[in-house]
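Encoded as structure tokens, here's the structure I'll be asking about.
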Amino acid sequence: MISHVRLHTATVPMATAFDHATRSRRRSESVLVELRVGGVRGWGEGAPRGYVTGETLESTAEAVQACDLAALADRIDWRTFDSTVASVAALDLPELVDGPSAAAAVEIALLDAVCRRFDRPLADALRVLGAPARLHRTGPASVSLVIHLSRDVASTLDDLGPRALAKLRHVKIKVADPADAARRLSAARDRLPAGTRVSLDVNGSWSPAEAERVGGELTGVAWVEEPLAPRSWPELARLRQRTGLPVMLDESCTGPADLHTAVDTGAADHINVRLSKCGGLFAAARLAARADELGVGCQLGVHVAEVGPLWAAGRALATEWGLWQTVEAGRGDEWFPDRLTRPAFSVDRVRHRVMPLAGPGIGIEPTEALLRHTRCLATWRPDSGWRRNR
Ligand SMILES: [Mg+2]
């Protein structure tokens, strides 16, 4: 049933750079998979980030081409929507494909094509996963305001205006210098309603001693995201014990093994679930459901500079499940002045929320403006397998 696949890279220049403690990003770095099921086309995306999963654009493109799509297609029961989606879920693509971003790109393309073929939205595919009913809650999702490292907290919040400020539910502030963290936090706290939560994202840049020293000063912080070098399990547990600081893991947690280690060692209160680092929509959903069972909170995050299928698939999870502590939407409209998708990326920045996308499939398609920045690396057909483009 998989009749034709094309593998692309998408490197789209950003209008403004995005900075955090260890990186500055100036262009997208995505792999796009364009896949046809019975002639119906779907799109998937992976966003390899070396500092999160060790993947590169090149390694991800290689991993997609190493994927035996004929064998994979043989394991799918193509008869009905439910049987197709259930068998895609049973494939456990992060186990089959070498690298979570590659798995995400293949999975989202496959689900998009399957949903379109049966004229169903991606949210319907999530229902096939059989998650507990209490997790389902269709509707708009409240999204965080993320203030990146090069932005002043006070002026960013002052620029919002009173109405948008009053509607904010969560502000996430990127920090690096530990001496600056309390100042950035209190600049936010001074301006926000008491019910608005503030978290700090350190991107692993503090030493355990720095984090313990600063920890006591962070009054009123909802949690600190990735305070120490990734997977410093005993140090993270000690930090939580000694300071009472709630910890969210991001770079440290890309799948169930990390989640279980974090729980066993007492290293986390929350995790950041992002589709590409987790290996796709179903892997992310399963990780979140498992975390919820274990009493660990979840943020649904994004990778900076997702160009289309990733943010759209994430939006299905954001608006279909209600377990999220908070949801990130990204700022695709500001990073990429040209509309990369149809319909275009959009966030209600007064009410700070995103709406469910109407189907079928992931609900968006790439525009010419996006395709101009793509390069087709290889093509797959059932009879000839993968062929590299010259
Ligand atoms: Mg983070």
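GNM on the chain, C-alpha springs below 10 Å: top fluctuator among Thr367, Thr196, Thr219?
Fluctuation is largest for Thr219.
Enter the per residue convex hull volume of the stretch 251-390, computed from alpha-carbon coordinates, in Å³ rounded to the nearest integer. Could you put the intermediate results ahead of the total?
Numbers: hull volume 21.6 nm³, N = 140.
Expressed per residue, the convex hull around the Cα atoms of the stretch 251-390 is 154 Å³.
Still on this structure: Taking only the alpha-carbon positions of the stretch 31-83 and ignoring solvent, what does the Debye formula give for the base-10 log of I(q)/I(0) at q = 0.29 Å⁻¹?
Debye curve over Cα of the stretch 31-83, log10 I(q)/I(0) at q = 0.29 Å⁻¹: -1.18.
Can you pull the Rg over Rh of the chain, Cα-only, Kirkwood?
Here Rg/Rh amounts to 0.96.
As an exercise, take the mean of 1/r over every pair of distinct alpha carbons in the stretch 133-365, invert it, and state the Kirkwood radius in angstroms. Mind showing how you got there, number by number?
On the way: mean 1/r = 0.0554 Å⁻¹.
Result for the stretch 133-365, one decimal place: 18.1 Å.
Continuing with the same structure: Convex hull volume of the Cα atoms in the stretch 126-234, per residue, in Å³?
Normalising the Cα hull of the stretch 126-234 by residue number yields 151 Å³.
Of Cys67, Cys376, Cys278, how do they rank once you tally other Cβ atoms within 10 Å and put the fewest first?
Ranking Cys67, Cys376, Cys278 by Cβ neighbours within 10 Å, fewest first, gives Cys376, Cys67, Cys278.
Whole angstrom only: what separates the Cα centroid of the stretch 140-211 from the Cα centroid of the stretch 284-344?
After rounding, the separation between the Cα centres reads 19 Å.
Between helix 100-117 and the chain, what is the angle of the helix's C-alpha long axis to the longest principal axis, kept within 0 to 90° and rounded to the nearest 10?
The two axes meet at around 60 degrees.
Let me ask something else about it. Two decimals is fine: what is log10 I(q)/I(0) at q = 0.20, 0.22 Å⁻¹ for the stretch 1-123, from a Debye sum with one equal scatterer on every Cα and no solvent?
-1.06, -1.22
Sorted from largest down, what three extents in whole angstroms do the Cα atoms of the stretch 93-160 have along their principal axes?
Taking max minus min along each principal axis of the Cα atoms, the stretch 93-160 gives 47, 32, 24 Å.
With 20 Å as the cut-off, how large is the P(r) tail for the stretch 169-293, expressed as percent of Cα-Cα pairs?
Values: 3269 of 7750 pairs.
Here the tail beyond 20 Å accounts for 42 percent of pairs.
Tell me the Kirkwood hydrodynamic radius of the stretch 322-390 in angstroms, computed as one over the mean inverse distance between distinct C-alpha pairs. It would help to have the intermediate numbers written out before the result.
Numbers: mean 1/r = 0.0660 Å⁻¹.
In the stretch 322-390 this quantity evaluates to 15.2 Å.
While we're here: Taking every DSSP beta bridge with both residues inside the chain, roughly what % is antiparallel (nearest 5)? Provide the component values of the computation, followed by the final result.
Numbers: 34 of 58 bridges.
Counting only bridges with both partners in the chain, antiparallel ones make up about 60 percent.
Quick note: the coordinates plus some simple rules give every number you see, no bench work behind them. Predicted model, so just to flag it, every value in this text is computed and none were measured. Don't worry about glycine lacking a Cβ; one is built from the backbone with ideal geometry, like all the others, and counts go over all protein chains shown.
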